[in-house]
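Enquirer: If you scroll down you'll find the structure; I have some questions about it.
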Amino acid sequence: MSRRRRSVTGALVAAALVSALLSGCGFLGLAGNETRSVDATTLANIRGGEDVATIYLAGGCFWGVEKYMSEVNGVLNAEAGYANGNTDSPTYGDVSSGRSGYTETVRVDYDSTVAPLPFLLDLFYKAIDPTSLNRQGNDVGTQYRSGIYYSDPADRAVIERSLAQLQEGYDKPIAVEARPLTSYTPAEEYHQDYLDKNPGGYCHISPGLFKDAAAAKPDASQLPTAGAGSQDTTTE
């Protein structure tokens, strides 16, 4: 933007930017719509092992959730993106409008022998208010709803059991939706590793929780049994 004169428009934009930085993810969609891509070799390495799995976690602004999950031992990759909406190739602007149906989501690729799904879900709950509907921190709207989205049908029972156990600790109903993944688009590049690039950036997750995530270890009961081919061994 030109600095030759202070226009009313420029002042309004500056005020909006300050407000957004203080209150939530917002406004940085002005930076562009670059789409992040992962090269084939990296994807092969991430997905190459039979113990590598993927889960999609939505818990408010994805800047904090991505940073938080990336700190966990056993998480191989965390990527900010948009999940379960009703349009093709959504941009940040589309999602921020609240009309696309998408929610800010973090794709988590992980080694299930080191960080099993029940363990990851327990950590996820600690980073959010699981009873808050369409809101986390200062961010409000359906694009900030909390959810767990799975691409492996075997994860459904694990997730439902985890949420049932979580509900036992609350009087208010849990507002975390659990659904199959129907669509996912990686967020623009400037959203990836945002808090590493901008250490003072907004985050609804307490910095102390990042340290807790890095030090966390699964309980013996959360680890897969030897020789088990799935994280959930129940049959229907």
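The values are calculated or read from the model by the stated rules, or taken from the named source; none is laboratory data. Computed from a predicted structure; not experimentally measured. All Cβ positions, even for glycine, are placed from backbone atoms using ideal geometry, and neighbour counts span all protein chains on display.
Enquirer: For TYR92, work out the one condition from (1) out of contact with any Asp or Glu (no Cβ under 7 Å at 6 or more places or on another chain); (2) touching a residue at least 40 places away in the same chain (Cβ under 8 Å) it doesn't fulfil.
Expert: Failing condition for TYR92: (1).
Enquirer: Moving on to the next point. Please indicate, with yes or no, whether at least one residue in region 98-105 is surrounded by fewer than 18 Cβ atoms within 10 Å (Cβ to Cβ) and within 24 Å of CYS203 (Cα to Cα). Steps first, please.
Expert: Going residue by residue through region 98-105, those that are surrounded by fewer than 18 Cβ atoms within 10 Å (Cβ to Cβ) are 98-99.
From what's left, within 24 Å of CYS203 (Cα to Cα): 98-99.
The answer is yes, given that some residue of region 98-105 is surrounded by fewer than 18 Cβ atoms within 10 Å (Cβ to Cβ) and within 24 Å of CYS203 (Cα to Cα).
Enquirer: Same structure, new question: Only residues that are hydrophobic (A, V, I, L, M, F, W, C) and more than 18 Å from LYS67 (Cα to Cα): list them for region 121-147, please.
Expert: LEU133, VAL140
Enquirer: Same structure, new question: Of (1) charged (D, E, K, R); (2) more than 24 Å from ASP212 (Cβ to Cβ); (3) crowded, with 18+ Cβ neighbours inside 10 Å, GLU160 satisfies all except one. Which?
Expert: Of everything listed in (1) charged (D, E, K, R); (2) more than 24 Å from ASP212 (Cβ to Cβ); (3) crowded, with 18+ Cβ neighbours inside 10 Å, GLU160 misses just condition (3).
Every residue, every condition in (1) assigned to a strand (DSSP E or B); (2) on the phi < 0 side of the Ramachandran plot; (3) not polar (S, T, N, Q), yes or no:
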site: ASN73; (1), (2), (3): no, yes, no
site: LEU76; (1), (2), (3): yes, yes, yes
site: VAL95; (1), (2), (3): no, yes, yes
site: SER100; (1), (2), (3): no, yes, no
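Yes or no, residue by residue, for (1) modelled with pLDDT of 95 or more; (2) closer than 29 Å to GLU50 by Cβ; (3) within 15 Å of the chain's Cα centre (by Cα):
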{"residue": "ASP122", "(1), (2), (3)": "yes, yes, yes"}
{"residue": "TYR170", "(1), (2), (3)": "yes, no, no"}
{"residue": "ALA175", "(1), (2), (3)": "yes, no, no"}
{"residue": "CYS203", "(1), (2), (3)": "no, no, yes"}
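Enquirer: Restricting attention to region 172-207, report how many residues are exposed (fewer than 14 other Cβ atoms within 10 Å of the Cβ) and among the polar types (S, T, N, Q).
Expert: 2
Enquirer: Quick one: would you say ASP109 is surrounded by fewer than 20 Cβ atoms within 10 Å (Cβ to Cβ) and assigned to a strand (DSSP E or B)?
Expert: yes
Enquirer: Then there's this: Kindly establish whether VAL75 is surrounded by 24 or more Cβ atoms within 10 Å (Cβ to Cβ) and of a type in the set (Val, Ile, Thr).
Expert: No; evaluated as a whole, the condition is false for this residue.
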